[in-house]
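The values are calculated or read from the model by the stated rules, or taken from the named source; none is laboratory data. Keep in mind that what you see is a predicted model, and the values were worked out from it rather than measured. Note that each Cβ is placed from the backbone with ideal geometry, even for glycine, and that neighbours are counted across all protein chains shown.
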Ligand code: ATP
């Protein structure tokens, strides 16, 4: 009898039922995940959610309490790090301080000296640092050191690249620049990449798919667009992006209501029998403001009058704090572009009709 592998050709890594306990503390439980060949996957979550522990288990630097890992359809759960085919970059640059750049990059390479030198120069070209091979880590900026660490991780052309918060020690401008460079490099090489980050913007801009984690479990796996527009849980909605939460009720006769006024929704969540309390979710930029409203009475068509109470300029857009008396003095954050703001001549204490578009509202059970 042979075990039948259910992995497919497009899968590089399969994580099956991984759990990790540290004494009494459960850091990870029931982690199932498949990583596709060539994709950029981000493990995203708050401090302590277990994302680093998961990456370390994949790297073989930590032994799981339960579950298995298959890399290229081979069980690697018990293999030491050196026998798994990956390169890794840590948050702290972790270069050997006593080796120059060339020797740092060549560290894991085997073979003849000329071949190694050629590979080192290839990699230096790739990361845009040709000519610095004789420098020592202490002579480099943080961004340069992290590029060298990346070159070292890629030196043996591994099948998998693991990145553990590689940008978090860098200042904002360097970080943004390197984000783009790493993403471009990853696409050029087509190397399957798993990156740990607590930074939602980093995950949204870099990942093909995001794995949102919380308290040692996976909350949602999806493309950045799916995670942002269709969060699967309240946690995901709040962790990625800005949210408005609206108390609502549901009954078979009246449907969904806010302050006893009907609200139309495109989709309803599966509700437990007899459940009446809901939370509606909508992003601040998805609420529509109207210069004029001729669509019917206030309270109909998800539309009501709001009083602008607070205005903040947040760089490229305005965030308005709006109170809606009709919906029970509901307080909403509404984001509008600067051009919309100016065109509509918005100002504090203005009254504006606003609409909660049915296709942008999501309902969560309370
Ligand atoms: P951070 O971004 O802060 O590193 P994280 O999501 O990466 O957070 P992990 O480092 O994976 O979280 O840690 C998850 C939990 O497991 C934390 O509560 C941490 O304190 C605990 N933990 C991690 N390693 C150990 C260990 N060796 N011994 C005991 N507890 C640990």
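For residue 326, indicate whether it is touching a residue at least 60 places away in the same chain (Cβ under 8 Å), assigned to a helix (DSSP H, G or I) and in contact with a strand residue (DSSP E or B) (Cβ under 6 Å, 6 or more places away or on another chain). Yes, satisfied. Of all residues in region 208-243, exactly one satisfies the criterion of being in contact with a strand residue (DSSP E or B) (Cβ under 8 Å, 6 or more places away or on another chain), part of a loop (DSSP other than H, G, I, E, B), more than 17 Å from residue 364 (Cβ to Cβ) and within 16 Å of the ligand (Cβ to nearest atom), namely 216.
For region 248-278, the tally of residues that are out of contact with any helix residue (DSSP H, G or I) (no Cβ under 6 Å at 6 or more places or on another chain) and assigned to a strand (DSSP E or B) stands at 11. In region 7-67, counting only strands (runs of 3 or more DSSP E) that sit wholly within it, the ones holding 3 or more residues that are more than 16 Å from the ligand (Cβ to nearest atom) and more than 20 Å from the chain's Cα centre (by Cα) span 11-22. What residue, among those in region 70-85 that are surrounded by fewer than 21 Cβ atoms within 10 Å (Cβ to Cβ) and assigned to a strand (DSSP E or B), is farthest from the ligand (Cβ to nearest atom)? Filtering region 70-85 for residues that are surrounded by fewer than 21 Cβ atoms within 10 Å (Cβ to Cβ) and assigned to a strand (DSSP E or B), the one farthest from the ligand (Cβ to nearest atom) comes out as 74. Residues of region 72-97 that are farther than 13 Å from residue 161 by Cα and touching a residue at least 24 places away in the same chain (Cβ under 8 Å): 72, 73, 91, 92, 93, 94, 95, 96, 97. Is it the case that residue 187 is over 8 Å from the mean Cα position of the chain (by Cα), away from the ligand (no atom under 14 Å from the Cβ), farther than 22 Å from residue 91 by Cβ and outside any helix (DSSP H, G or I)? When the stated conditions are applied, residue 187 does not pass them. Report whether or not residue 60 is within 16 Å of residue 159 (Cβ to Cβ), surrounded by 18 or more Cβ atoms within 10 Å (Cβ to Cβ) and in the same structural domain as residue 15 (by TED's automatic domain parsing). Here the answer is yes, as residue 60 does meet what is asked. Screening residue 173 against (1) in a helix (DSSP H, G or I); (2) modelled with pLDDT of 90 or more leaves a single unmet condition, (2).
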